[in-house]
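Novice: Quick one: structure below, then a few questions.
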Amino acid sequence: MMALVYEFVWRILHALLHLQRVLISWFRIRLWNWRLWKRAVAALLVPLALGFQNHKKLGTSAGKRGLRRVRWGADGKSLEKLPLHVGLLIVEEELHYTDIANLVVWCMAVGISYVSVYDNQGIFRRNNSRLMDEILKQQQDLLGLDSTKHPVEFLNNRNEKQDHQVLSCQPVVKALSPDDGRPSIVRAAQELCKAVEQKERRSKDIDVHMLDSLLRDSVHIPDPDLVLKFGPVESTLGFLPWHIRLSEFISLPSHTDVSYEDFFSALQRYSSCEQRQGK
Amino acid sequence: MSWIREGELSLIERLSANILKAGPMPKHVAFIMDGNRRYARKRHVERQEGHTQGFDKLAETLRWCLNLDIREVTVYAFSIENFKRSKEEVDGLMELAKQKFARLLEEQENLEKHGVCIRVLGDLALLPLDLQQAIAKAVVSTRGHNKCFLNVCFAYTSRHEITNAVREMAWGVEQGLIRSSDVSELLLSECLYSSSSPDPDLLIRTSGEVRLSDFLLWQTSYSCLVFQSVLWPEYSFWNLCEAILQYQLNYLSLQRARDMHKEQQALQQLEADRRCVAELLMHSGSAKGNGKDPQSRQEHLLTYAADREERVRSFLEALQLQRDSYFNDLNGQVPPV
């Protein structure tokens, strides 16, 4: 009897919590729509005011891109601490390539050198080229950059032997899947055990440093300092277990229609975090 | 202050506990008990006092967990990185640990009543010998209990744990117990310090830090992570309830992700076995002929998998024996037959 009452109360409690969640996301979208409306009205009024002068309008939009680029770059410099490597961890059912591409472009614009994109079904990894195309498109759209002048480096295959050097100004974008998590540690372990099998190594010599260098790619990419998690699930869902040792996790409700302001406030939060490293 | 605090929940706490228990409950909860020093600063007391209160809070939390039917708890007591702190603080922490483990032995009866098994995970060789001995005593004397489990991570980091697991497997290869191709996700999990526990369902970190700080990186890949801003010595029953509520809200999605991962894992194992069988058939010229038809190939695959499992089983047995004898030697006991 009591058990039934408890279960009833539990169900009501959870129904309320779900309702709260739905309401929050609904208000978020409403707010966003309202912002869109304001923008749409402004966009309608601007050409009227300019008197349909097309060449002028083109000029302003190109200027706007330039301004935006300068502003975003300045935003990055205004932060006390900027992550070197950001992991974008998507724990949502629906994936939107344009929103992810926006996020990646913003990362580049504020001066972040490495960006990893992850979902636990490996969808981004499988559709790597689609993601990269979208990023190039957004890069041109948002920053108006000629992609040949500012090449983005895409890494899609860990087995690829790449001889090129990574220049510091050249951002690296990588799509990751669960296969880069625990299975990659297992592959490194197999490699070491094989060396032991062939008497090239002794088991006693294996240490953290040795495993760590095996788990880095041919290109030297640092561990992510910041993981931006998008979605309602409070978990890493298998994202690079070895590498997230010291990563800060910051959660955002969704990557759908995420705004630059949301993104930048997450960076500001990261910038104010202090790491003690055991001390 | 003892390890298990006696006492019951208040009426309202009991009521809430029962409501929570109507839903899916975590079986294994891990804690990063952060904020002892900040608490001491805030309260203007000695740093050591903060650590002592932190331990008392652990005893209290364990009781709440028992009341909530959570049978396994893992705590991050001391990281290898913590050796970098001032000598005074490190010595203080070692002394506290020694006291508490000694205290544990005085509470044998109580621990037996609750059936508490205590395990200590970490690179114990880094600790002073007398502490190692105190730990060994506690571990050996509670080894037989099986109602609830407390795993204390001491001189621990996850990277060290994973590396140690790889080293153990390499040792197995050296001894000829396993082959390098037998190394798999499952085997690596079995070689971790935490091999006898299921992966935690819920990880709680207090004091508002949002990092894992090298704690259970492998094991928490599919756990619910809850970061709470309260300082550890101020942790309350309601904070714990809030974390469990978070877990329940995430339960279905986590379960789905975990199932998918398990499927992947099984697929990878099958793939690896197929590769090994194909290689074996290629090398043995005589079997080349009958290896081609699918039925005999399937048979080869089954025999190979059975052989592999047998190798792994005897390797894990040898490993367990080695680990047990480490504690027995420290304890100066004859190993149980």
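Novice: Report yes if B:ARG275 is at pLDDT 95 or above, surrounded by fewer than 17 Cβ atoms within 10 Å (Cβ to Cβ) and assigned to a helix (DSSP H, G or I), otherwise no. Lay out the reasoning, then the answer.
Specialist: On the way: at pLDDT 95 or above: no; surrounded by fewer than 17 Cβ atoms within 10 Å (Cβ to Cβ): yes; assigned to a helix (DSSP H, G or I): yes.
Spelling it out, it is not the case that B:ARG275 is at pLDDT 95 or above, surrounded by fewer than 17 Cβ atoms within 10 Å (Cβ to Cβ) and assigned to a helix (DSSP H, G or I).
Novice: Go through (1) at pLDDT 90 or above; (2) part of a helix (DSSP H, G or I) and name the single condition A:ARG69 misses.
Specialist: Status for A:ARG69: all satisfied but (1).
Novice: Here is a follow-up. Being touching a strand residue (DSSP E or B) at 6+ places or on another chain (Cβ under 8 Å) and modelled with pLDDT of 95 or more is true for just one of A:LEU89, A:LEU84. Which residue is that? Outline the logic, then answer.
Specialist: Working: A:LEU84 fails: modelled with pLDDT of 95 or more.
After applying the criteria, what remains is A:LEU89.
Novice: Evaluate the range A:172-184: report whether one residue or more is at pLDDT 85 or above, surrounded by fewer than 21 Cβ atoms within 10 Å (Cβ to Cβ) and β-branched (Val, Ile, Thr).
Specialist: Checked the range A:172-184: at least one residue is at pLDDT 85 or above, surrounded by fewer than 21 Cβ atoms within 10 Å (Cβ to Cβ) and β-branched (Val, Ile, Thr).
Novice: Sort out which residues of the range A:201-210 are at the interface with chain B (Cβ under 8 Å from one of its Cβ atoms), farther than 29 Å from A:ASN120 by Cβ and surrounded by fewer than 20 Cβ atoms within 10 Å (Cβ to Cβ), and write them in order of number.
Specialist: Matches in the range A:201-210: A:ARG201, A:ARG202, A:SER203, A:LYS204, A:ASP207.
Novice: Taking interchain pairs and intrachain pairs at least six residues apart, which have beta carbon atoms under 6 angstrom, with the first residue in the range B:218-232 and within 12 Å of chain A (Cβ to nearest Cβ) and within 15 Å of B:SER189 (Cα to Cα) and the second charged (D, E, K, R) and surrounded by fewer than 22 Cβ atoms within 10 Å (Cβ to Cβ)?
Specialist: B:GLN219/B:ASP199; B:TYR222/B:ARG258
Novice: With respect to B:ARG103, is the statement that it is away from chain A (no Cβ under 14 Å), surrounded by 16 or more Cβ atoms within 10 Å (Cβ to Cβ) and in contact with a Ser or Thr (Cβ under 9 Å, 6 or more places away or on another chain) true?
Specialist: Values: away from chain A (no Cβ under 14 Å): yes; surrounded by 16 or more Cβ atoms within 10 Å (Cβ to Cβ): no; in contact with a Ser or Thr (Cβ under 9 Å, 6 or more places away or on another chain): yes.
When the stated conditions are applied, B:ARG103 does not pass them.
Novice: I've got another one for you. With respect to B:ASP182, is the statement that it is over 29 Å from A:VAL227 (Cα atoms) and more than 7 Å from chain A (Cβ to nearest Cβ) true?
Specialist: Details: over 29 Å from A:VAL227 (Cα atoms): yes; more than 7 Å from chain A (Cβ to nearest Cβ): yes.
For B:ASP182, the condition - over 29 Å from A:VAL227 (Cα atoms) and more than 7 Å from chain A (Cβ to nearest Cβ) - is met.
Novice: Return yes when B:ARG143 is of a type outside the set (Asp, Glu), surrounded by fewer than 22 Cβ atoms within 10 Å (Cβ to Cβ) and farther than 19 Å from B:ASP324 by Cβ and no when it is not. Give the steps one after another, and end with the answer.
Specialist: Working: of a type outside the set (Asp, Glu): yes; surrounded by fewer than 22 Cβ atoms within 10 Å (Cβ to Cβ): yes; farther than 19 Å from B:ASP324 by Cβ: no.
In short, no.
Novice: Of everything in the range A:244-275 that's touching a strand residue (DSSP E or B) at 6+ places or on another chain (Cβ under 6 Å), in a loop (DSSP other than H, G, I, E, B) and of a type outside the set (Ser, Thr, Tyr), which residue is nearest to the other protein chains (Cβ to nearest Cβ)?
Specialist: Across the range A:244-275, the extreme among qualifying residues is A:CYS273.
Novice: Also, I was wondering about something else. Can you tell me which residues in the range A:112-136 are touching a strand residue (DSSP E or B) at 6+ places or on another chain (Cβ under 8 Å) and in a helix (DSSP H, G or I)?
Specialist: A:PHE124, A:ARG125, A:ASN128, A:LEU131, A:MET132, A:ILE135, listed by residue number.
Novice: Which residues, counting only those in the range B:72-100, are basic (Lys, Arg) and buried (at least 20 other Cβ atoms within 10 Å of the Cβ)? Break it down into steps so the answer makes sense when it comes.
Specialist: Looking only at the range B:72-100, we keep the residues that are basic (Lys, Arg), and these are B:84-85, B:87, B:98, B:100.
Once the filter is applied, which keeps residues that are basic (Lys, Arg) and buried (at least 20 other Cβ atoms within 10 Å of the Cβ), the range B:72-100 yields only B:LYS100.
Novice: Tally the residues that are buried (at least 18 other Cβ atoms within 10 Å of the Cβ) and among the basic types (Lys, Arg), restricting the search to the range A:185-200.
Specialist: 0
The values are calculated or read from the model by the stated rules, or taken from the named source; none is laboratory data. Keep in mind that what you see is a predicted model, and the values were worked out from it rather than measured. Here Cβ is always computed from backbone atoms with ideal geometry, including for glycine, and neighbour counts include all displayed protein chains.
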